[in-house]
Amino acid sequence: MLKVNFNENHSIAILEPDGELSESDFITAARIIDPYIKKSGNLTGLIIYTKDFPGWDSFSALLKHMSFVKEHHKKIAHVAFVTDSFLGEIAEHVASHFIKAKIKNYDFNDLENAKKWIANDSYITHGLLFGVERINESLFLKFKAIGTLTHEDYERINPIIDLALTGIKEPKIDVLVDISELDGWDLEAAWDDLKLGLKYGNSFNKIAIYGEKSWVKFATKISSWFINGEVKQFKTLGEAISWIKP
């Protein structure tokens with residue numbers, strides 16, 4: 001049996017296994033959690049609360065558990081394992097490579113601390129903060145990339161760029177990119193980034209990159225194959241702005 005407690009005010013779901021988990025347990029959990037995610041877009045936190053992890057009653061239950069994780073992990077910001085089982089420690093160090101949520105392990109008696117961590121650790125896990133300024137035939141774009149970018153992040157900005165370019169026959173685009181909080185891209189988002197360069201490459205005039213990442217020089221060289229404009233990296237945001245908007 002899997003007991004599901006849901007706190008809508010704090011957007012936290014607490015899953016409490018009681019005995020071996022069954023396939024129906026995860027169906028029940030999804031029925032409780034999914035309507036909230038559909039309404040709000042995500043879940044702030046998920047807590048797995050069990051003293052000793054009981055395991056699964058069948059192979060199909062294990063498959064259903066894996067399916068549940070696959071369908072929900074992109075929409076959950078934090079996962080806390082509150083347990084004395086070895087599961088929590090393994091999850092904190094291993095599962096983070098496979099799911100997007102921020103993961104933390106707590107002892108079984110630390111449930112309240114787990115709740116506080118989720119409630120207080122409010123931040124944007126990933127995304128593209130975006131601004132656009134159009135002056136005649138020119139466009140100035142501002143991006144701030146946070147965390148690991150996803151396909152959904154690019155899906156949000158493409159229509160905005162297309163709309164801003166409406167009616168411009170030969171646009172000139174200057175771009176300021178803040179990558180100081182960027183961790184990277186998932187595979188599909190990396191492909192989206194490449195397609196973005198291919199789509200607008202001939203229109204780019206200047207691209208100023210703020211943020212010290214070891215891979216920027218390599219990425220700049222690769223981008224030069226697809227972008228006609230000048231690309232420069234800067235150590236300070238002020239220098240980047242001064243160069244792109246003298």
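Nothing in this text is a laboratory measurement; each read-out follows from the coordinates by a stated rule. None of the values given here were measured: they were computed from a predicted structure. Heads up, the Cβs are rebuilt from the backbone with ideal geometry, glycines too, and the neighbour counts pull from every protein chain shown.
Label positions at LEU237 and PHE86, each projected 7 Å from the Cα along the C-beta direction, are separated by 4.6 nm.
For the range 125-205, the pair-distance distribution built from all alpha carbon pairs, in bins 5 Å wide starting at 0, is 3, 14, 26, 27, 17, 9, 3, 0 percent.
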